[in-house]
1. Tell me, CYS136, CYS13 in order of fewest to most beta-carbon neighbours within 10 Å?
2. Which value in Å is the Kirkwood Rh of the chain over different Cα pairs?
3. Expressed as a rounded percentage, what relative contact order does the chain have, with Cα pairs under 8 Å and six or more residues apart?
4. Go through segment 1-67 and name the trypsin sites (Lys or Arg not before Pro) that are in a DSSP coil and have 11 or fewer other Cβ atoms within 10 Å of their Cβ.
5. Measure nothing fancy, just the Cα-based angle from helix 93-105's long axis to the longest principal axis of the chain, in degrees from 0 to 90, nearest 10.
6. Report, in whole Å, the centroid distance computed from the Cα atoms of segment 77-111 and segment 1-58.
7. Report the longest stretch of the chain that contains none of the GluC sites (Glu not before Pro) sitting in a DSSP loop with at most 14 other Cβ atoms within 10 Å.
8. Run the reach check for LYS17 against lysines, Cα to Cα strictly under 22 Å, same-chain hits fewer than 8 apart removed. What comes back?
Amino acid sequence: MKIEKIHHVAYRCKDAKETVEWYNKMLNMDFVLAIAEDHVPSTHEPDPYMHVFMDAGDGNVLAFFELPTKPEMGRDPNTPEWVQHIAFKVRDREELLKFKEHLEANGVEVLGVTDHSIFHSIYFFDPNGHRVELACPDPEEEKMLERLDQVKWEMLEEWSRTKKAPKHAEWLHQKELSQI
């Protein structure tokens, strides 16, 4: 028994049409499907909603619910805004920079490029306030992932005991420090 893949990831949106148009224009995602109901299928609760689905590439689907009868959407005030996000992979750094330029040209404030050693990212917010990340692999990604794989369980165990950052993968950020 094993999970095959993510079927879809769903978030709430303020306006379904605006969300579909934004993801289509900014990230070139195709609009796949819309479902609207007056009752929630799983709970049978009477609550009208619009559920839209966007093609996030390679069989991945990003979905949104517009819920007009519910209180205005918010976020968890105890979780920093950088924590909750969705990340999409792009082919390479050239593609990442093209997206950055495209987003900024369309008035989207972009943070980065941030060097995470194994990958490089840009960050921005969609019109609903959801943080989005675009990430491309580092040319040395495969070698670094092999090294990280060797220490993942030790790191997790140490973190579990101490709640302090283990130093098993300190080498990841040595490249960053040498560039300062």
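1. Details: CYS136 21, CYS13 26.
So the ranking, lowest neighbour count to highest, is CYS136, CYS13.
2. Details: mean 1/r = 0.0527 Å⁻¹.
Kirkwood radius, the chain: 19.0 Å.
3. Relative contact order for the chain comes out at 17 percent.
4. LYS2, LYS5
5. 50
6. 20
7. Values: sites that count: GLU4, GLU72, GLU81, GLU109, GLU140.
Formally, the longest exposed-site-free interval is 5-71.
8. Within the straight-line cut-off, LYS17 pairs with LYS25, LYS70.
Coordinate-derived values only; no laboratory data. Small disclaimer: the values here were computed from a predicted structure and weren't measured. FYI the Cβ positions are ideal-geometry reconstructions off the backbone, even for glycines, and counts take in every protein chain you see.
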